[in-house]
Amino acid sequence: MSTFALIPAAGTGSRIAAQAPKQYLPLAGRPMLWHAVRAVCVPPVESVFVVLAPEDRGFEKHDWSEFDGRLEPLYCGGETRRDSVYNGIVAAMGAVEADDWLLVHDAARPCLPRKDLESLMRETQNDEVGGILGLPIAETVKNIGKDEGGVHRISRTEDRAQLWLAQTPQMFRAGLLAQALKRARGTPTDEASAVEQMGLRPRLVVGSRENLKVTWPEDLAIAESILQGRS
């Protein structure tokens, strides 16, 4: 039984309003995707598959030699995250067995701490379903709506004791995840939600705030600070 990682990187990152696709934005002297790959390209992970858009021309412009023999680009990305991850699993099935563990990680999470990854693998390796990293929500959460004038108004305050923020990596058996994504209804925004639709309950493993997702322009400065602090 082996462990592999897969990073969907076929998107454009429209919310960050950058000229280049988000995964190639520079951070600490490297593209963001490089840091995401480095975070999961550690033992016992045997290979990291990066799922790119078929028309991607950015990957080949960067130096990936540090991961020689352990990194494989797959030019089969789809319109949604679900499509890209599913296509990537299908494309990798020549090397990955159905019972192998697959860690799906965000290209936009370049600061994943090694201890978080180790906790996820240690606590999930004997789980029948799989698991994800996450964080209990510390802030007060409001459910909102718009009034007749289009102004946002608070509808109610949610019970944050029952709410967590989902992170990545998310760790599932490759065959189970492929089946879940193939059957998924709607547009699941993470792998766990597709698995949940099968009536299964993935494990939650506590992560950390360092593992932020770069979504908005100001997140770049935070990620840069974290990475520079480690070096």
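Would you say residue 20 is closer than 23 Å to residue 222 by Cβ and either of a type in the set (Gly, Ala, Ser) or open to solvent by 40 Å² or more (accessible area, probe 1.4 Å) (or both)?
Working: closer than 23 Å to residue 222 by Cβ: yes; either of a type in the set (Gly, Ala, Ser) or open to solvent by 40 Å² or more (accessible area, probe 1.4 Å) (or both): yes.
Judged against the criteria, residue 20 is a match.
Please tell me if residue 104 is of a type in the set (A, V, I, L, M, F, W, C) and touching a Cys at 6+ places or on another chain (Cβ under 9 Å).
Answer is no for this residue.
Being open to solvent by 40 Å² or more (accessible area, probe 1.4 Å), at pLDDT below 95 and within 24 Å of residue 227 (Cα to Cα), is that true of even one residue in segment 67-81?
Yes - at least one qualifying residue is present in segment 67-81.
Within segment 146-159, is there a residue that is touching a His at 6+ places or on another chain (Cβ under 8 Å) and over 17 Å from residue 3 (Cβ atoms)?
yes
Give the residues of segment 156-192 that are closer than 15 Å to residue 88 by Cα and open to solvent by 70 Å² or more (accessible area, probe 1.4 Å), sorted by residue number.
Those that are closer than 15 Å to residue 88 by Cα and open to solvent by 70 Å² or more (accessible area, probe 1.4 Å): 179, 182.
Okay, residues lined up against (1) in contact (Cβ under 8 Å) with a residue 12 or more places away in the chain; (2) under 17 Å from residue 189 (Cβ atoms); (3) touching a His at 6+ places or on another chain (Cβ under 9 Å):
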{"site": "5", "(1), (2), (3)": "yes, no, yes"}
{"site": "26", "(1), (2), (3)": "no, no, no"}
{"site": "32", "(1), (2), (3)": "yes, no, no"}
{"site": "45", "(1), (2), (3)": "yes, no, no"}
{"site": "57", "(1), (2), (3)": "no, no, no"}
{"site": "64", "(1), (2), (3)": "yes, no, no"}
{"site": "74", "(1), (2), (3)": "yes, no, no"}
{"site": "81", "(1), (2), (3)": "yes, yes, no"}
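For segment 74-179, give me every one of the strands (runs of 3 or more DSSP E) that falls completely inside it and has 3 or more residues that are closer than 30 Å to residue 56 by Cα and touching a Phe, Trp or Tyr at 6+ places or on another chain (Cβ under 8 Å).
101-104, 164-173
The values are calculated or read from the model by the stated rules, or taken from the named source; none is laboratory data. This structure is a prediction, so every number in the text was calculated from the model and none was measured. Virtual Cβ from ideal backbone geometry, glycine too; neighbours counted across all protein chains shown. Just so you know, the surface numbers come from the protein's heavy atoms only, side chains and all, with ligands and any DNA or RNA stripped out. Shrake-Rupley method; radii C 1.70, N 1.55, O 1.52, S 1.80 Å.
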